[in-house]
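Notes follow once the structure below has been shown.
Every number here is computed from the coordinates shown, using simple stated rules; none is lab data. All values reported here derive from a predicted model rather than from experimental measurement. Neighbour counts run over all protein chains shown; Cβ positions are idealised from the backbone, glycine included.
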Amino acid sequence: MTKLEELRKKAMALPEAPGVYIMKNARSEIIYIGKAKVLKNRVSQYFGSQNNHTEKVRQMVAHVDDFDYVIVGSEFEALVLECSLIKQNKPKYNILLKDDKGYHYVKVTNDSWKMLYDVKQKEDDGAKYIGPYTGGEAISAAVKQAYDIFMLPHCAKVFPRDIDRSSRPCLNYYIKLCSGACKGLISQAEHNAAVEDAVRFIQGGKNVYLRETNRQMQEASENLEFEKAIKLRDHIRAIKKSSQKQYMVSSNCKNQDVFGVASLGEKTCVNVMQFRDGTFVNTHTFIVDRFENPAEDYAEMLPNFYASAEDYPDRICIEPMPAQADFLEQYFTRQSGRKVTLYVPLSGESKTLLETAKKNASEKLARVLSFNDKRNAALIELQEALGLDALPAYIEAYDISNTAGQENVCGMVVFVNGRPLKRCYKRFQIRSFEGQDDYRSLHEALERRIREYEKEKDGAPAEGFGKKPDLILLDGGVGQVNAVAPLFRETGFDVPLFGMVKDGKHRTRAIAFGGGEITINDNRTVFSLVSQIQEEVHRYAVTYHHTLKKKNTLENTLTQIEGVGPNRAKLLLKRFKTLTAIREAELEDLMNLPGLSVPAAQSVYNYFRKPENR
């Protein structure tokens, strides 16, 4: 009996009750924890046919050596226990969210003159550390804002050592961003009080601090402490001024987290935008394994995200609605002590915020994946945009060029890993008909290309006609695609086929398929790659057309000479290359050309000696 059969037999003996199952590897390490409404049904699915599983699940099952289970009273209890066990064990195959920016702390020194810093690590130096915060950018911005509002010294001076060492305060003092501690213009007690105010501001947020400061200002004014009231008033003004550029929310829900997701290749990026008291306060970005089923994956991800949360939102804005949303709402409400709602916005400001979060996730993921190779990121995004099964590493593109049906040609260019491979470019002269018909021209060129593939494919070449491309692009729209698609079906040439559509100014606008168009203007990475391919294949086809047209013009000129027909005209051009070289050739050189008789050579020589032909 194989290990898979042994595990399935054990799973089929499980009770038909709600519970939590715990997968372990050969070293008895917990590698996955899940919940189930019916343990027997859920666990046995893992050890049946592997064809319907995602790659992540197949990998997990391959490492399972045994499993345990815990029976609970309800599906909700299973969710609670699952979240607790995941938080304790952090299994490898559960969705573990790792913020790309790492943890940040606010450090308050223990010196006589306290100072405030944004740091990434805690040290055993006697300082006070506040955190950790996962939104590094947000906490850095908050510390900088606190420095400006509470006029803390931005310089590297050490107090009290450096007091009165300079002749005058720096510029920050004169623009009211520093209290002038270096000139003794503020006491140690006042400075330390400002640091404590800054800490309260960072911890409590702008709105909480404003409410408290307003109260203190009113109290100071009633007690006739006007100097203190003025100072508090200035703090309030500074906070409001520094917050004018912050992202504000005017929707009814002032406290919400907005989740946006984007997937490229084998990875998914989750971007979380957090709003408190109607103000954008933080953002988190996580890169995880690709979401195969967003509703199920969200249901697994959300408890992990809020596992260590101290501040729950009133509403979680997300799309699509996670599986078992009612249980998640019940769980978050229980953990936070107040009502938490999951919400899918259909319109309005929350919908706009959701799209913004998705855009941030997409840009972040593209940036991460393109860290070493931007072209690779473009190919991944192109794969996503076109819904391809494989990365389009080997792309062929085709374009037709002619002048009123004359010198009708097709150019083929090849891009490998996003770069042109010029040694594999090919040229086709259209021979099956005369006149102008781009659809028939493309059909002929692709038919000849497929025939060449059938001849050379057995050698399994890495490039050339014997290589089946991952993607074929035609210069044109739906008409061009539909003209060639039947040929692919008839011959079994199973290569994705799309068109490159241009606008009225001959610029790339969209990608066409048999049933319509895919707009790519809003995807800069894909747009740039497709534009490059389209421009290159157009250049190559037009250049070949012009070369052929010039050659035919020269041949027509030579056939006007007595004794020179099309074949001898070709011989002359092949030997001498240009009309100028033929004109300047000596009679002996012409007579020595195989295939050109002596009378014909004399005729050519005499023709170019006539004044009207020179």
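Using the crude model of +1 on Lys and Arg Cβ and -1 on Asp and Glu Cβ, and no other charge, please compute the dipole size for the range 256-369 relative to its Cα centre, in debye to 20. Walk me through the numbers before you get to the answer.
Numbers: 12 positive and 17 negative charges, 54 e Å.
That gives a dipole near 260 debye.
With a Förster radius of 41 Å, plug the Cβ-Cβ distance of Glu75 and Leu388 into 1/(1 + (r/R0)^6) and report the FRET value to the nearest 0.05.
After rounding, the FRET efficiency stands at 0.60.
Give, in nm to one decimal, the length gained when the segment between Glu490 and Lys339 is fully stretched (0.36 nm per residue of separation minus the Cα-Cα distance).
Details: separation 151, 0.36 × 151 = 54.36 nm, distance 6.04 nm.
Extra length from Glu490 to Lys339 when fully extended: 48.3 nm.
Please tell me the relative contact order of the chain in percent, rounded to the nearest whole number, where contacts are Cα pairs under 8 Å and at least six residues apart. Can you show the working numbers first?
On the way: 997 pairs, mean separation 44.4, N = 614.
Averaging sequence separation for qualifying contacts and normalising by length gives 7 percent for the chain.
Of [x] 37, 29, 25; [y] 39, 31, 22; [z] 68, 39, 21, which one was derived for semi-axes √(5λ) of the Cα gyration tensor in Å from the structure shown?
Among [x] 37, 29, 25; [y] 39, 31, 22; [z] 68, 39, 21, the one calculated here is [z].
Tell me which of Leu328, Ala357, Ala510 sits at the most positive position along the dipole axis of the chain, charges placed on C-beta atoms (Lys, Arg +1; Asp, Glu -1).
Looking along the dipole axis, the top candidate is Ala510.
Within the range 433-539, list the trypsin sites (Lys or Arg not before Pro) lying in a DSSP loop whose Cβ has at most 10 other Cβ atoms in a 10 Å radius. Intermediate results must be reported in sequence, preceding the final value.
Details: sites: Arg440, Arg448, Arg449, Arg451, Lys455, Lys457, Lys467, Arg489, Lys502, Lys505, Arg507, Arg509, Arg524, Arg539; in loops: Lys467, Lys505, Arg507.
Sites meeting the loop and neighbour criteria: Lys505.
So which GluC sites (Glu not before Pro) in the range 1-79 are both in a DSSP loop and have at most 12 other Cβ atoms within 10 Å of their Cβ? The partial results should precede the final answer.
On the way: sites: Glu5, Glu6, Glu16, Glu29, Glu55, Glu75, Glu77; in loops: Glu16, Glu29.
Counting only loop positions with at most 12 other Cβ atoms within 10 Å, the GluC sites (Glu not before Pro) in the range 1-79 are Glu16.
If the cut-off is a Cα-Cα distance under 24 Å, which lysines reach Lys114, setting aside same-chain residues fewer than 8 apart in sequence?
Within the straight-line limit of under 24 Å, Lys114 reaches these lysines: Lys122, Lys128, Lys144, Lys157, Lys176, Lys183, Lys206, Lys228, Lys231.
At 0.36 nm per residue, and after removing the present C-alpha to C-alpha distance, how many nm does the segment from Val38 to Asn25 gain when stretched out fully? Write out the running numbers ahead of the final one.
On the way: separation 13, 0.36 × 13 = 4.68 nm, distance 2.30 nm.
Once the chain is fully extended between Val38 and Asn25, it gains 2.4 nm.
Evaluate E = 1/(1 + (r/R0)^6) for Glu190 and Ile130, where r is the Cβ-Cβ distance and R0 equals 25 Å; express this FRET efficiency to the nearest 0.05. Don't jump to the answer; show the numbers that get you there.
Values: r = 22 Å, r/R0 = 0.86.
Approximately 0.70, to the nearest 0.05.
Please work out the FRET efficiency for the pair Asn567 and Arg440, using the Cβ-Cβ distance as r and a Förster radius of 35 Å; give the result to the nearest 0.05. List each step's numbers first, then the result.
Details: r = 28 Å, r/R0 = 0.81.
FRET efficiency, Asn567 to Arg440: 0.80.
Between Ala309 and Thr578, what length in nm is gained on full extension when 0.36 nm per residue of separation is reduced by their alpha carbon distance? Spell out each step's value before the answer.
On the way: separation 269, 0.36 × 269 = 96.84 nm, distance 7.90 nm.
Extra length from Ala309 to Thr578 when fully extended: 88.9 nm.
Against the longest alpha carbon principal axis of the chain, how many degrees, from 0 to 90 and to the nearest 10, is the axis of helix 438-456 turned?
90
Divide by every residue of the chain the summed helix terms, -39500 (n - 2.57) for each DSSP H run of at least 4, and state the resulting mean residue ellipticity at 222 nm, rounded to the nearest 500 deg cm²/dmol. Spell out each step's value before the answer.
On the way: 20 runs with 269 residues, N = 614.
About -14000 deg cm²/dmol.
Report the charge-dipole magnitude of the chain in Debye, nearest 20, computed about the Cα centre from +1 at each Lys and Arg Cβ and -1 at each Asp and Glu Cβ.
On the way: 88 positive and 81 negative charges, 297 e Å.
So the magnitude is around 1420 debye.
What do you get for the angle between helix 348-369 and the principal long axis of the chain? Use alpha-carbon atoms, 0 to 90 degrees, nearest ten.
The two axes meet at around 60 degrees.
What do you get for the angle between helix 136-149 and the principal long axis of the chain? Use alpha-carbon atoms, 0 to 90 degrees, nearest ten.
Between the helix axis and the principal axis of the chain, the angle is about 60 degrees.
In the range 274-372, what chymotrypsin sites (Phe, Trp or Tyr not before Pro) fall in a loop by DSSP, with at most 12 other Cβ atoms inside 10 Å?
Values: sites: Phe275, Phe280, Phe286, Phe291, Tyr298, Phe305, Tyr306, Phe327, Tyr331, Phe332, Tyr343, Phe371; in loops: Phe291, Tyr306, Phe371.
Within the range 274-372, the qualifying chymotrypsin sites (Phe, Trp or Tyr not before Pro) (loop, at most 12 other Cβ atoms within 10 Å) are Phe371.
What spacing in nm lies between the two simple spin-label points modelled at Ala295 and Met1, each 7 Å away from Cα in the Cβ direction?
3.6
Starting from the Cα of Lys577, draw a straight line to each of the lysines and keep only those under 19 Å, dropping any in the same chain fewer than 8 residues away.
Lys549, Lys550, Lys551
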